[in-house]
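Colleague: Just dropping this structure here.
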Amino acid sequence: MRGTSDIPLLRHEVLQEFVEKYKAPPSLILNNMFPSRNAESSTIKWESQRGGRGMTPFVPPGAPAPVSAGYGVAQHSAEAAYWKEKRYFDEEVLNNLRKPGTDARHWRAAEIVAENLADIMNRSARRKEWMFCQMLFNGSFTYQIKGGYQVTVDYKVPSDHQVTLASAYNWDSGGSKNILSDIKNAKLKIAEACGGKIDYMFINSKGLNVLGNDTTIRQLLQKSYYGDGSYMASAGINDLALVNADVLTSLFGIKNIVIYDEMYEAKAWLTAAVTGGSTTWLSVSDASDFEANEKIWLYDASEADDNYETRIIFSVDKTNNRIQIEYPPTNSYKAGEDFVMMQKYFVPNDKVAFMASSVEGKPVARYYNAPFGLGRHYGRYTDKKDEWDPEGTWIRVQDKGLPVMLNRDAVYTIDFMTTAEQSITTTSTTTTTSSTTTTTSGG
């Protein structure tokens, strides 16, 4: 084989065109919401502020100007997160690519390469989206740096901007719940803290259903559309159909209500055998993206019909890559052959986030691209490497960077804790700490 330089689809410039084409899928919202800039090194440094709406003081003519006190600026520093993966194309696929003409085998091989390139581009974009969502909904996230150490970047979001409702006030079934009041409090809190006006609200469809089941909201929407609502009742119209982003925008007075249902997938190979009827701790290749209270699928990869079982995750030991499930599976599973998988919404089922996207004309968040590789690449980068024996080609995607929060007062989250999730949470814990864990943030 002469190498892959004569295969147009595998030329470097074509690979980089894929990077631009799949910069961020339209369904990934936060990837494209904030500006980005290149950092000088892999250590990201930024300043965040609290407060806003200051005024210049009066001074007598001829007096020197006083020094501004600023808005409570904090210095932060963290190592950029780095992620990458690769795919391999063997000699058979590459020879089919090189085959002249336009027969089905030729085009199918080309499609295989294109599909794989698109897949790794989208997977890389989802990792970046995951970081933004962790920053917005949790105020921190943990990742690995050089040497295998785990670090946590903490954005120092004020604790009174991260609200967890007591059971009596939860939006699902709390007897004293008041959703409209909670939303007004969010708007007031951000306005008082920094002068920002909430223009984004993020919730998923499961959270939207919780809003739709609220009697007060439904009554208000009925009256908005049908006076006292009697016409709708007589016509047999389902008032749940009224509860959507468009009508809630008017009701809540928030410009952009985003019903965000994009999901990500975590998958890991079993590294120890699982014995049906007895094993409750699963040893896996990588547990870093798994979370307690989520559903996990155990797959028997040897079965043609994708035989699987589901359980609820009770706890996650991310240091030792172990996952505890609610009770043992019925079947047994093999190490190195079978795997587990979790699917999760980027927006948690039991949380809503409010954000003022800018304060005094400045964005409240930014993304920093960090340099990586011998060529000091910035942003998502794809390259390839040929193998001589056996002949084949590796395609690799890399990226390095970190989202940062520039105004910590401009976000507000409510954990409204649905009943179903409460029943799981009361009997479960999550283990994520390690003796090597370091917090890399200032505040």
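Colleague: Which members of the stretch 367-397 meet the condition of being without any contact (Cβ under 8 Å) to a residue 24 or more places away in the chain and of a type in the set (A, V, I, L, M)?
Modeller: Across the stretch 367-397, the qualifying residue is only L374.
Colleague: Follow-up question, since we're still on this one. Could you please find all residues in the stretch 335-385 being surrounded by fewer than 19 Cβ atoms within 10 Å (Cβ to Cβ) and among the aliphatic types (A, V, I, L, M)?
Modeller: Scanning the stretch 335-385 gives A335, M341, L374.
Colleague: How many of the residues making up the stretch 321-347 are under 22 Å from R127 (Cα atoms) and either free of Cβ contacts under 8 Å to residues at least 40 places away in the same chain or in a strand (DSSP E or B) (or both)? Reasoning before the result, please.
Modeller: Here is the first cut: in the stretch 321-347, the residues under 22 Å from R127 (Cα atoms) are 321-323, 339-347.
Okay, now just the ones that are also either free of Cβ contacts under 8 Å to residues at least 40 places away in the same chain or in a strand (DSSP E or B) (or both), so 322-323, 339-345.
Result for the stretch 321-347: 9.
Colleague: Let me ask something additional. Output yes when any residue across the stretch 373-390 is outside the structural domain of G148 (by TED's automatic domain parsing) and either at positive phi or in a helix (DSSP H, G or I) (or both), and no when none is.
Modeller: Scanning the stretch 373-390, I find no residue that is outside the structural domain of G148 (by TED's automatic domain parsing) and either at positive phi or in a helix (DSSP H, G or I) (or both), so the answer is no.
Colleague: Considering only residues of the stretch 348-372 that are in contact with a Ser or Thr (Cβ under 9 Å, 6 or more places away or on another chain), of a type in the set (A, V, I, L, M, F, W, C) and assigned to a strand (DSSP E or B), which is nearest to S124 (Cα to Cα)?
Modeller: Selected residue: F372.
Colleague: Inside the stretch 141-161, can you point out the residues that are in contact (Cβ under 8 Å) with a residue 60 or more places away in the chain, within 30 Å of P363 (Cα to Cα) and of a type outside the set (D, E, K, R)?
Modeller: Answer for the stretch 141-161, where residues must be in contact (Cβ under 8 Å) with a residue 60 or more places away in the chain, within 30 Å of P363 (Cα to Cα) and of a type outside the set (D, E, K, R): T142, Y143, Q144, I145, Q150, V151, T152, V153, Y155, V157, P158, H161.
Colleague: Next question. Please tell me if V352 is modelled with pLDDT of 95 or more, assigned by TED's automatic domain parsing to the domain that holds M131 and β-branched (V, I, T).
Modeller: When the stated conditions are applied, V352 passes them.
Colleague: Still on this structure: Just give me the residues in the stretch 162-172 being surrounded by 14 or more Cβ atoms within 10 Å (Cβ to Cβ) and either without any contact (Cβ under 8 Å) to a residue 12 or more places away in the chain or part of a loop (DSSP other than H, G, I, E, B) (or both), in sequence order.
Modeller: L165, N170, W171, D172
The values are calculated or read from the model by the stated rules, or taken from the named source; none is laboratory data. On a predicted model such as this, the values are computed, not experimentally measured, just so you know. For neighbour counting, all protein chains shown are included, and Cβ atoms are generated from backbone atoms with ideal geometry for every residue, glycine included.
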